[in-house]
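To keep things clear, I will list the structure first and then write my remarks on it.
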Number of protein chains: 2
Amino acid sequence: MTIAVVGGTGPEGSGLALRWARAGETVIIGSRDRERASQTAAKLNQAGHGEVGGSARAVQVSGDENKAACQSAEMIVLTIPFSGHAETLKDLKPALRPGQVLVDATVPLAASIGGRSTRTLGVWQGSAAQQAAELVPQGVSVVAAFENLSAELLHRDGPVDCDVIVCSDDKAAAQKVRALARKIPGVRALDGGKLENARIVEQITALLIGFNIRHKGHSGIRITGLPSESYDI
Amino acid sequence: MTIAVVGGTGPEGSGLALRWARAGETVIIGSRDRERASQTAAKLNQAGHGEVGGSARAVQVSGDENKAACQSAEMIVLTIPFSGHAETLKDLKPALRPGQVLVDATVPLAASIGGRSTRTLGVWQGSAAQQAAELVPQGVSVVAAFENLSAELLHRDGPVDCDVIVCSDDKAAAQKVRALARKIPGVRALDGGKLENARIVEQITALLIGFNIRHKGHSGIRITGLPSESYDI
């Protein structure tokens, strides 16, 4: 499966790309600037070297302009500041086609328009992911996931102590994304129900950023108290 | 310290009361109906018998009408359906006095007005706890906490696998409530920052209820990735 990470030059996108590349996935870093995308891809290839599935094979990440990256991918992961969310999706629209899965990891932090990173903006549709669902062409499934993963931890080598809550109205697409989530060591993926629930998962990020500021950590969440078969590990 | 649990005849309130009574706290169950409060108190005394701090002493829970319960308490814990939140606080107002701490565990679930338990209502002030802050007399500190604890697990004997995120604009009051939270075995208490953050913690409950419905569990949350001194254990 080919995964395009739109906004893949940023800390969250490049961290996810690194982990997936190490797990053997084909990843394309997308950016408005093709040159920057290629530079990030080169760095990730270096960082991931010799770690694919425990074998000596080098990871293979490439870089491309956002739309071109989307055209050759089955799965598109959005990791962009919320201030560019709607505009980016409108720009990507001609490059998207039915059957693709758009994974939205965007959090509408007030910081994206100069406010605090511990507060979120109200989004008319309820969440960034629901806004995305309005802006993609028909037949593209939107899945909300990866909002709560620390970019810092993704760039380190160890397991990531965090659950990924996956919300979507398309159960098959959600299952694909849960499978992708569990390729990150330490991560458990959970069915978070319908896409509308993304509003809660997105806001948890603001709470986690508050913990990080107060306690100088890289926080995440775990959901406890469910039967073990509830988690995709 | 005397703790009044307003709405203490319900599952969440009686569960908290049981755990605190077992830890040796003096607890008054509050209800609109004094008789029902006394009945719940009698049941809790029976359930908690012989378990206070590991000694053979019986727990001591009493019951009273809500306002009378509040008058003799230093800490008042609200565990009521959101539909009665504003009215109850208006009713309690004459019984509250400066220096008391009002702990709000209320979640504005849509279920409280006939909707779904996996959705929340929009509260003008941002959260139930912030609504409470508007309705208490001056000098009463409002702290949001305990929204995410499973009532079912509170009524069992074992430790509760959940963190309590404590939000308040009064740091001293928040510290008292974190101390109270950690009296529940298994619970770690965390500084969740200002009272305004309660809006996120309240909504997490709706997400947890969704997990419980989909997976038949009693879910909770843990915050990971922070230095150990961040947690009050």
(Q) Checking A:Gln125 against (1) open to solvent by 30 Å² or more (accessible area, probe 1.4 Å); (2) out of contact with any Asp or Glu (no Cβ under 8 Å at 6 or more places or on another chain): exactly one of these is not met. Which one? (A) (2)
Q) Can you name every residue in region A:152-175 that is under 23 Å from A:Arg97 (Cα atoms), touching a helix residue (DSSP H, G or I) at 6+ places or on another chain (Cβ under 7 Å) and assigned to a loop (DSSP other than H, G, I, E, B)? A) A:Asp169
Q: Please enumerate the residues belonging to region B:173-229 that are among the charged types (D, E, K, R) and open to solvent by less than 10 Å² (accessible area, probe 1.4 Å).
A: B:Glu202
**Q.** Total residues in region B:6-63, condition farther than 27 Å from B:Asn148 by Cβ, polar (S, T, N, Q) and modelled with pLDDT of 95 or more
**A.** 3
Q: Considering each of B:Glu134, B:Glu152 in turn, give the residue that is closer than 20 Å to B:Glu74 by Cα and open to solvent by 50 Å² or more (accessible area, probe 1.4 Å).
A: B:Glu134
Q) Here is a list of conditions, (1) in contact (Cβ under 8 Å) with a residue 60 or more places away in the chain; (2) more than 14 Å from every other protein chain (Cβ to nearest Cβ), and B:Asp161 meets all of them except one; can you say which number that is? A) (2)
Q: Evaluate region A:131-147: report whether one residue or more is closer than 25 Å to B:Gly193 by Cβ, more than 14 Å from chain B (Cβ to nearest Cβ) and not in a helix (DSSP H, G or I).
A: yes
Q. In region B:176-197, which residues are at the interface with chain A (Cβ under 10 Å from one of its Cβ atoms) and either part of a helix (DSSP H, G or I) or out of contact with any Ser or Thr (no Cβ under 9 Å at 6 or more places or on another chain) (or both)?
A. B:Gly186, B:Glu196, B:Asn197
Q.
Can you pull out every residue in region A:206-233 that is within 24 Å of A:Lys171 (Cβ to Cβ) and more than 7 Å from every other protein chain (Cβ to nearest Cβ)?
A. A:Ser228, A:Glu229, A:Tyr231, A:Asp232, A:Ile233
Q | Failed item in (1) surrounded by fewer than 24 Cβ atoms within 10 Å (Cβ to Cβ); (2) more than 11 Å from chain A (Cβ to nearest Cβ), with B:Val166 passing the rest | A | (1)
Q) Here are A:Asp64, A:Asp91: which of them is more than 27 Å from A:Lys194 (Cα to Cα) and open to solvent by 10 Å² or more (accessible area, probe 1.4 Å)? A) A:Asp64
(Q) Restricting to region B:134-151, name every residue that is of a type in the set (A, V, I, L, M), farther than 20 Å from B:Pro11 by Cα and in contact with a helix residue (DSSP H, G or I) (Cβ under 6 Å, 6 or more places away or on another chain). (A) B:Leu135, B:Val142, B:Val143
Q) So is B:Arg199 more than 23 Å from B:Ala4 (Cα to Cα) and within 16 Å of the chain's Cα centre (by Cα) or not? A) yes
Q | Elements of type strands (runs of 3 or more DSSP E) contained in region B:1-101, each with 3 or more residues being more than 15 Å from the chain's Cα centre (by Cα) | A | B:61-65
Q: Give B:Pro81, B:Pro108 a once-over and let me know the one that is closer than 28 Å to B:Gly192 by Cα and open to solvent by 40 Å² or more (accessible area, probe 1.4 Å).
A: B:Pro81
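The values are calculated or read from the model by the stated rules, or taken from the named source; none is laboratory data. Because the structure is predicted, anything quoted here is derived from the model rather than measured. Virtual Cβ from ideal backbone geometry, glycine too; neighbours counted across all protein chains shown. Side chains included, ligands, DNA and RNA excluded: accessible areas come from the protein's heavy atoms. Shrake-Rupley method; radii C 1.70, N 1.55, O 1.52, S 1.80 Å.
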